[in-house]
Amino acid sequence: MIPDEGRDYIAAVLRKTEAPADLYVFLLEGNYVPDANAKAADLQLAAMAECTAYSEATRPAWPHSYEDGVIHNLNDKVTFTPTQAKRVYAAGIVTVSTKGGTAGKILHVARFETPKDMVVGEPFTVANVMNLIPTAL
């Protein structure tokens, strides 16, 4: 899902009223169901609860490709190295690299079909996929 904050950011970049930013992946350990109101400012609230229990100093960069209406990193998944056993429910993309930070904009957030358990020391890989679906007005 691209929340309102992400949609507005994309529009601002296209209109050149905001500069494009690098993009980073985050994980959520809150049992959160994504909705249009998702904001980076809410990443540390209990509902979302960004997971920061990994050894990387910052949120990993999102190395994305574009093919036929889909922006993804299926061929270059992001890897987290867990420092604590955690259950995560969702992943997303944000414009700021600060692990646990609440600045920037959420561009995308998606709930996993089933929660995923991170095991200490075992690489945890994530693919983020954004479908750009044409719609009629």
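Read-outs throughout are calculated quantities, based only on the coordinates presented, and are distinct from any laboratory measurement. Everything numeric in this text was worked out from a predicted model, so none of it was measured. Because the Cβ atoms are built from the backbone with ideal geometry, glycine has one as well, and the counts that use them run over all protein chains shown.
Exposure proxy shown here: for H108, H64, the number of other Cβ atoms within 10 Å sets the order, fewest to most, as H64, H108. Going from the fewest other Cβ atoms within 10 Å to the most, the residues T135, T98 appear in the order T135, T98.
Each of M130, M1, M118 was scored by other Cβ atoms within 10 Å of its Cβ. Listed from fewest to most, they are M1, M130, M118.
Note on the chain: Rg/Rh from C-alpha atoms, Kirkwood Rh, equals 0.95.
Using only C-alpha atoms and all pairs of different ones, pull out the Kirkwood radius for the range 1-41 in Å with one decimal. By the Kirkwood definition, the hydrodynamic radius is 11.7 Å.
Converting phi to 3J(HN,Hα) with the Karplus coefficients 6.51, -1.76 and 1.60 and the offset θ = phi - 60°, the range 39-46 yields 9, 4, 4, 9, 4, 9, 6, 4 Hz in sequence order, with x at every glycine or proline. The GluC sites (Glu not before Pro) of the range 37-93 meeting both criteria, a DSSP state outside H, G, I, E and B (loop) and at most 16 other C-beta atoms within 10 angstrom of the site's C-beta, are E56. The angle separating the long axis of helix 4-14 from the principal Cα axis of greatest extent in the chain is about 50 degrees. In the chain, a dipole from Cβ-located charges (positive for Lys and Arg, negative for Asp and Glu) runs towards its positive end, and of V33, Q44, V13 it is Q44 whose Cα lies farthest in that direction. The H on the amide N of E56, modeled in the peptide plane, is under 5 Å from the matching H of T81, each at least 5 residues off or on a different chain.
Placing dummy labels 7 Å off each Cα toward the beta-carbon, the span from E56 to T17 is 3.2 nm. Only lysine pairs 8 or more places apart, or on different chains, with alpha-carbon atoms under 27 angstrom apart are counted in the chain, and they number 16. Phi angles of the range 47-63 translate, via the Karplus equation with coefficients 6.51, -1.76, 1.60 and θ = phi - 60°, into HN-Hα couplings of 4, 8, 6, 4, 7, 10, 8, 9, 6, 4, 5, 9, 4, x, 5, 9, x Hz per residue; Gly and Pro are given as x.
Nearest 5 percent is fine: what portion of the DSSP beta bridges confined to the chain is antiparallel?
100
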